[in-house]
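The values are calculated or read from the model by the stated rules, or taken from the named source; none is laboratory data. Note that the structure is a prediction, hence the values are computed from the model and not measured. Positions of Cβ are generated from backbone atoms using ideal geometry, with glycine treated the same way; all protein chains shown enter the neighbour counts. Accessible surface areas use protein heavy atoms only, side chains included; no ligands, DNA or RNA. Shrake-Rupley method; radii C 1.70, N 1.55, O 1.52, S 1.80 Å.
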Amino acid sequence: MAPPTTSPVSTTAIDWRQEWHEFEGATYLNLAGQSPIPKSAIRAIQTAIEWKKFPHRIPDSAYFDTPNKIRASIAKIIGGKPEEIALTDGASTGMLSVAYGLDWKPGDEVVTAASEFPLQYTSWKPMEEREAIKLKIVSPRDRFLTADDLIAALTPRTRLVSVSLVRFDNAVMLDAARLAAACHAQGALLLLDASQCCGAIPLDVNQLGVDFMVSAGYKWLLGPFGTGFFWAKHEHLSKMRPGPFYWMAAEGAENFAALNFADPKPAKAARRWDAAETANYYNLAALEAGLELVLRIGPQNVAAHNHKLIDQLFSRLPLDRFVVASPLDHQHRGPYGCFQARTAEKTKEYYDKLRGENIITSLRENKIRVSPYIYNNERDIDRLISVVTT
């Protein structure tokens, strides 16, 4: 079972391109690398600057209002509850919350995949020395990784499977519900990094059966760098090991006149893992505006729009020069696609050629990654095709 599908709603009457400033003549096809900031987020930052310029205007409630609105928006996007969401400064911070929060035993296994995004290894390799666990790295049996590859690696010692829902290097999307069911049957937990799809495909953490989810905020959530979230299924919140927490995540912290100095307790919610300074007026003001735009556009509409553009790209690539490097089936492909030339050197040449023509993509693992968004159209794909075929 792939992530839940929701029928797209017609957005042809809306010129979403007007939500962003002009790209100075560039054809920007790199949202999987970095989202351009929407106009509404710029306005939110400008308002936040005015607050810092005149801090006497800031009410005490402002320290909590924006974080709470962001939790509510993320909950809508992933089908979770606001109290299950911690606000972080990136996906890695959420991974660390799980790494330090679970009660490990020597010999416990964490399963991830080969050639995963580096945060999987920077999170779990040090835990081998710290907690005497074992990191098991799984390679695909065929061309693309599947849930079955990971399921086959499960053993009675497996404590956690930690993988990307959509891979950064080839857009492969895992059957997370199938993987979660197998994990739970084995007594293991599932952690998904949704950075490369959250906000761009329909998601429901309950239907997926995932235990933990992390995501960066600067890609498909249209936020700035240094934002993200960590979601934990409610039943796990009370089972996590105690540890230091941000003081504004303490129970009753919203009442600045009656702070608990003697024995502060963390809130019985995921915000106990909030990154410090959640009243980050600049970053979180921009993220709040970005999330509002994501909800207005609709992740299902982004998915339908992007699949159409990537299908167009793949159908027009000359197969004597290029290889499609992502699944063709929408059920197994995230909101973007990759292709490559017959050699790594030629792939780099084509990437540089595109860059020279101001067509912005990403070069990842010897593949050209094309990640459009709702502001792109068929003319942008036409332009890319014209450059790589001449």
- Based on what the data block shows, is Ala275 of a type outside the set (Asp, Glu), assigned to a loop (DSSP other than H, G, I, E, B) and in contact with a helix residue (DSSP H, G or I) (Cβ under 7 Å, 6 or more places away or on another chain)? yes
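Residue by residue, here is whether (1) touching a residue at least 12 places away in the same chain (Cβ under 8 Å); (2) closer than 26 Å to Gly298 by Cβ holds:
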position: Ser115; (1), (2): yes, no
position: Met127; (1), (2): yes, no
position: Val138; (1), (2): yes, no
position: Arg141; (1), (2): no, no
position: Arg167; (1), (2): yes, yes
position: Ala171; (1), (2): yes, yes
position: Ala176; (1), (2): yes, yes
position: Leu192; (1), (2): yes, yes
- Query: Before we move on, is Phe256 closer than 30 Å to Leu208 by Cβ and more than 19 Å from the chain's Cα centre (by Cα)?
  - Reply: no
- Within region 41-67, residues touching a residue at least 60 places away in the same chain (Cβ under 8 Å) and aromatic (Phe, Trp, Tyr) come out as Trp51, Tyr63, Phe64
- Query: (1) open to solvent by less than 10 Å² (accessible area, probe 1.4 Å); (2) within 27 Å of Ala147 (Cα to Cα): which one isn't true of Ile359, the others all being true?
  - Reply: (2)
- Would you mind stating whether Gln207 is in contact with a strand residue (DSSP E or B) (Cβ under 8 Å, 6 or more places away or on another chain), open to solvent by 10 Å² or more (accessible area, probe 1.4 Å) and closer than 30 Å to Ile310 by Cβ? no
- Item | Output for region 338-378, where each listed residue is part of a loop (DSSP other than H, G, I, E, B) and farther than 22 Å from Glu116 by Cβ | Arg342, Thr343, Glu357, Asn358, Pro372, Tyr373, Ile374, Tyr375, Asn376, Asn377
- First in region 352-369 and among the charged types (D, E, K, R), second anywhere and open to solvent by 20 Å² or more (accessible area, probe 1.4 Å) and assigned to a loop (DSSP other than H, G, I, E, B), Cβ under 9 Å, 6 or more apart: Arg364/Phe168; Glu365/Ser115; Glu365/Phe168; Arg369/Phe168
- Task: Could you list, in sequence order, all residues of region 4-59 that are of a type in the set (Ser, Thr, Tyr), more than 30 Å from Asp175 (Cα to Cα) and either open to solvent by 90 Å² or more (accessible area, probe 1.4 Å) or modelled with pLDDT of 95 or more (or both)?
- Result: Thr12, Thr27, Ser40
